[in-house]
Structure formats: C-alpha cells, structure tokens
1. By how many degrees, between 0 and 90 and to the nearest 10, does the Cα long axis of helix 149-167 differ from the longest principal axis of the chain?
2. Tell me, what HN-Hα J-couplings in whole Hz come from the Karplus equation 6.51 cos²θ - 1.76 cosθ + 1.60 at θ = phi - 60° for each residue of segment 97-106, using x for Gly and Pro?
3. List the residues whose amide H sits under 5 Å from the amide H of Leu44, counting only those 5 or more places along or on another chain, with H placed 1.01 Å from N in the peptide plane.
4. Hey, if you put +1 on the Cβ of every Lys and Arg and -1 on every Asp and Glu Cβ in segment 66-135, which of Ala117, Met93, Met72 ends up farthest toward the positive end of that dipole?
5. Please give the charge dipole size of segment 55-99, origin at the Cα centre, charges +1 on K and R Cβ atoms and -1 on D and E Cβ atoms. Round to the nearest 20 debye.
6. Taking the Cα centre of segment 107-192 as origin, sum charge times position over the Cβ atoms of Lys and Arg (+1) and Asp and Glu (-1), and report the length of that vector in debye to the nearest 20.
7. Quick one: which residues, 5 or more positions from Ser130 or on another chain, have an amide H under 5 Å from its amide H? H modelled 1.01 Å from N in the peptide plane, none for Pro or chain starts.
8. For the pair Met1/Lys188, report the inter-label distance in nm, with labels modelled 7 Å from Cα in the Cβ direction.
Amino acid sequence: MPFCLQCGQPATYTIPDDDTRERLVCTDCGHIHYENPKMVCGVLAVHDGCILLCRRAIEPRYGYWTLPAGFMELDESMKDGAKRETAEEADGMATNLQLYALFDLPYVGQIHAMYLANLQNGQFGVGAESLECGLFLPDEIDIDNLAFETVKQTICHYLHDKNQLIKDGKNADEFSNYPLHQITLTNKPEYS
C-alpha cells in the first residue's frame, strides 16, 4: 500500500476532481502525488575522430558499452547534467556542447537529451559507474551491442550526419551544422 509523502497516511490511486488521469491521492490530507517523466542527459564526446564510450559497471545493462549519460539532478540544466555525467562516468570534460537528439520514451516515462561535444584534450579516466572507458574509431564500435537503443541511434545519426556534412563540403567539426533529431521510441527493447 502506498503512503502519502506529505503526511505519511495511506494513499490510493484515483482520478482527482478536475483531472482526467489516475493519480496517487492521500486519503487523509488530499495531497496529489504527480508522477512525471524523468530526464536523462548524455554526451557523444569526440576527439580526433574517435567517440568516447564507457563500459557500464551498474545495471541495467552491466558490461555493455554506452555514451556517458544519466539522470538529471535538481538545480542543474540539461547541459550541466550532460557535462556532469561525462565527468562522473568517464572522468572527462565535455566542451562546446550542442543539443543533438531528443528521445521520448513513453514506455518508461523518460526523456533523453543527447549532446554533441568535444572531449577536452582527449583526456578521460574511469568513473565509479564504469568498468572501463575508451576512445573508439567508428569502425571499432559494435553498434548492435550497445547498452541502449538511444545510444545506438545517437551514434548512427551522428555518423550519418557527419558523412553528409563532409559530402556537402561543410565543417563536420562545427556542431551547430548538425540537425536536431527528435525521436519517439514506442517499443520497449527486449534485452537478453
């Protein structure tokens, strides 16, 4: 049985007056507990044509490679969250961040904001949530065995967009030349 976060008394799911959705409502004080999507911020950091990846030391997807990313904290912007995650997971500094991809994941109540960035001086280490980190050339990345679909799509879009910019004679190192991708993933992935 759930309890009210305000007064500690029992709470039940019901549709409050003047609302259309079922919410957790305290049976004593009437407080309505709104559950909203969580925000994940991440970075595709590059250096000398390589992409920074981290091998996860935590579940879900322990041992799989991913981009530095995680849940946004209170009192920080999306960009600051992305920078912090790069520092926490890869002991690196993301610079020149540009919003690149927004993913809606309604099946888990999440929004993922992925940034393009430079990895300052190509320096990185290994954070507490990573088993190892590394810089990988595109052909060294096992794209079908990455931790999450959002990571896979971010990398695939980046490689496609970079090749298109080069083909069009545009500066592929200037992140403002890249389009913003807005993607909704409606099917929960089935991981082994």
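Every read-out reported here was derived from the displayed coordinates using simple, explicitly stated rules and does not represent laboratory data. Values in this document were obtained by computation on a predicted structure and should not be read as measured data. Here the Cβ positions follow ideal geometry from the backbone for every residue, glycine too, while neighbour counts run over all protein chains shown.
1. Around 40 degrees separate the two axes.
2. 6, 9, 4, 10, 9, 10, 10, 9, 10, x
3. It is Tyr115, Leu116, Ala117, by chain and number.
4. Projecting each Cα onto the dipole axis, the largest value belongs to Ala117.
5. Values: 6 positive and 9 negative charges, 56 e Å.
Dipole about the Cα centre, nearest 20: 260 debye.
6. Numbers: 5 positive and 12 negative charges, 60 e Å.
Dipole about the Cα centre, nearest 20: 280 debye.
7. Those qualifying (amide H under 5 Å, at least 5 residues apart or on another chain) are Ala57.
8. Distance between label points: 2.8 nm.
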